[in-house]
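Shown next, in structure tokens, is the structure this report addresses.
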Amino acid sequence: MPPSRLKSGLLGLLLLASLSLSSPTGALSHGEPWSWAGVCPESDRFGVAVAGAGIEAYDVGQLHAGWYHSFAVLASPAHPAGLGYVQTVRISDDGPFVDRACSACPTWNMVQAIALANPGSLWAVGNEPDRQDYTQAGRYAEIYHAFYGFLKAVDPTCQIAIGGVVQPTPIRMQYLDMILNAYHVRYGGAMPVDVWNVHNYVVREGETGWGGGIPPGTDPALAIEYGIQDHDNVNAWAWHLRLMRQWMQLRGYRDRPLIITEYGILMPEEYGYDYDRVRQFLVTTSNWLTSATDPNTGYPADGNRLVQGWAWYSLNDPAFEGFTSRNHLFDPETLSITPLGLAYAAYTAPLTTPSADLHPTALLHGASSPGSGGLLATTVVARIYNDGSGSADTVEIHFERDGTPAGDATIATIGAYEVQEASVVWTGLVPGQTYQAAVTVDPYHQIDECDSTNNSLSASFLLGDQWSYLPLIQKKR
């Protein structure tokens, strides 16, 4: 929010035809899609919202955080201390224009260039479309559809998040329902949302006066008249998130992650929100976020946790409506960490133990070649990704064919956020037959991982039984 201011796993490939094998890939540069499940280490769930550019000026490594955003799309976002970056597309109700979806939107050429330069990014479409990017529900559905289709075509590995509403309360649930309904009417299906995103404040909702306002087209009778001293009411704050998860479950989105791209204390010290009060809110909400689960509404891929990641507002904004506030983690003038920043760091420090998280992201085979007796041979390759912050040495890879052991391989080292490949050669294959292939990483559990439930992958292979031999034609100069 604040008013009047600016405001990671891949599915295995199922290959039914012969493919050419690629060479092993090196370390990823933030190119794997955000998984938001089994985060390694746990401190990577913590993020920060940055007021303006220039995060490089701050020693953010002290925070042990995993990600950040700055309410903008950046062609070359900085990654200090390995922080991931969430792209945020600002939108408006008007448009579309020839080269963009709305007047506030970046041009399509800009979006394409940024997506290609930052594969696997998470993109949030809008920032508080219910308030700051004030957009009618039907218009938002159109803009979201345009960006979703465009970005997925440019970078299939990216993920798209809906713009975060100010707070997930009943009136804002109505606004989200209006978006889903408008999308269904216009495009004939459910709105595809990879990651659900909210902001979460406890602020007054009303047609006039301070606070979060009334989302466009919604019923003002649903508004909640929170008071200034309710701003750090943790019970209300947690109820918002439980309500959001219930809403997601009822609408078929329980299997999607939920993140908070902005929350914190906006109220100034003059209203009683001094350092001690803000610190208590930070600690209490962190306790809730790191532990809250629900067997009926939580995200199944993340142990039924309710929230997968959260960003504190702010890293460096020391004021609210011109009044001094205590919610910033770094002083923008001295660039030094604040007492609240130290409290944030003290909370995340015990959660930073490096650990590997190995899982296969693809299982494929090369072009089959004729062997003796009319049988075939092919090379089977598994791509292994380490989604953790610690490296793994002497990684054993076990292959099976139709449930029977079919070769082993060893990768010397897989560094943090690296992809490596392991391969075996299969012989004696019958042309035209389908084989069930499987791969397991670390089958004997020799490596300490933060998540050992994602170590296997299977795929079906159909071996071709005909070959075409083409002549090599060279042009004389």
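General observations
- Residues considered: SER92, SER121. Of these, the only one that is more than 23 Å from GLY189 (Cβ to Cβ) and under 21 Å from the mean Cα position of the chain (by Cα) is SER121.
- The criterion of being of a type in the set (Asp, Glu), outside any loop (DSSP other than H, G, I, E, B), over 23 Å from SER43 (Cα atoms) and in the same structural domain as ALA161 (by TED's automatic domain parsing) does not hold for GLU333.
- Pair list, Cβ under 7 Å, 6 or more apart: region 105-121 residue in a loop (DSSP other than H, G, I, E, B), other residue among the charged types (D, E, K, R) and surrounded by fewer than 17 Cβ atoms within 10 Å (Cβ to Cβ): THR107/ASP99
- Any chance ASP402 is farther than 14 Å from ILE447 by Cα, among the acidic types (Asp, Glu) and out of contact with any Pro (no Cβ under 6 Å at 6 or more places or on another chain): yes
- Filter result for PRO220 (surrounded by fewer than 17 Cβ atoms within 10 Å (Cβ to Cβ) and either aliphatic (A, V, I, L, M) or farther than 25 Å from VAL193 by Cβ (or both)): yes
- Pick from region 157-175, criterion touching a helix residue (DSSP H, G or I) at 6+ places or on another chain (Cβ under 7 Å) and part of a helix (DSSP H, G or I), ranking: surrounded by the most Cβ atoms within 10 Å (Cβ to Cβ): TYR175
- Among the numbered conditions (1) crowded, with 21+ Cβ neighbours inside 10 Å; (2) part of a helix (DSSP H, G or I), the only one that VAL185 does not meet is (1).
- Just one of the listed residues (ARG186, ARG139, ARG204) is basic (Lys, Arg) and more than 30 Å from PRO119 (Cα to Cα), and it is ARG204.
- Residue-level analysis places ILE214 among those that are of a type outside the set (S, T, N, Q) and either surrounded by 18 or more Cβ atoms within 10 Å (Cβ to Cβ) or outside the structural domain of ASP93 (by TED's automatic domain parsing) (or both).
- Some residue of region 88-101 being closer than 20 Å to ASN316 by Cβ and in the same structural domain as PRO332 (by TED's automatic domain parsing): yes
- Filtered residues of region 385-399 (kept if surrounded by fewer than 18 Cβ atoms within 10 Å (Cβ to Cβ) and assigned to a strand (DSSP E or B)): ASP393, THR394, GLU396
- Here ALA377, ALA367, ALA382 are screened, and the one residue that is closer than 30 Å to LEU462 by Cβ and assigned to a loop (DSSP other than H, G, I, E, B) is ALA367.
- Number of residues in region 117-140 that are within 30 Å of GLU418 (Cβ to Cβ) and polar (S, T, N, Q) equals 2.
- GLY252 loosely packed, with under 14 Cβ neighbours inside 10 Å, modelled with pLDDT of 95 or more and either within 24 Å of VAL86 (Cα to Cα) or assigned by TED's automatic domain parsing to the domain that holds HIS199 (or both): yes
- Here the condition is being farther than 23 Å from SER70 by Cα and either more than 26 Å from the chain's Cα centre (by Cα) or acidic (Asp, Glu) (or both); of GLY298, GLY209, GLY252, it holds for GLY209 alone.
- Listed conditions (1) touching a helix residue (DSSP H, G or I) at 6+ places or on another chain (Cβ under 6 Å); (2) within 27 Å of TRP36 (Cα to Cα); (3) among the charged types (D, E, K, R) are all met by ASP393, apart from (1).
- Members of region 432-451 found to be surrounded by fewer than 18 Cβ atoms within 10 Å (Cβ to Cβ), more than 31 Å from the chain's Cα centre (by Cα) and at pLDDT 90 or above, listed by number: GLN433, THR434, GLN436
- Any chance VAL198 is under 23 Å from the mean Cα position of the chain (by Cα), part of a loop (DSSP other than H, G, I, E, B), closer than 17 Å to THR135 by Cβ and at pLDDT 95 or above: no
- The residue list GLY82, GLY66 contains one member that is crowded, with 17+ Cβ neighbours inside 10 Å, at pLDDT below 95 and not assigned by TED's automatic domain parsing to the domain that holds TRP426, which is GLY66.
- Applying the criterion of at least 2 residues that are on the phi > 0 side of the Ramachandran plot to the strands (runs of 3 or more DSSP E) found wholly in region 403-450 leaves an empty list.
The values are calculated or read from the model by the stated rules, or taken from the named source; none is laboratory data. Not measured: the values here are computed from a predicted model. Cβ sites come from the backbone with ideal geometry, for glycine too, and all protein chains shown count toward neighbours.
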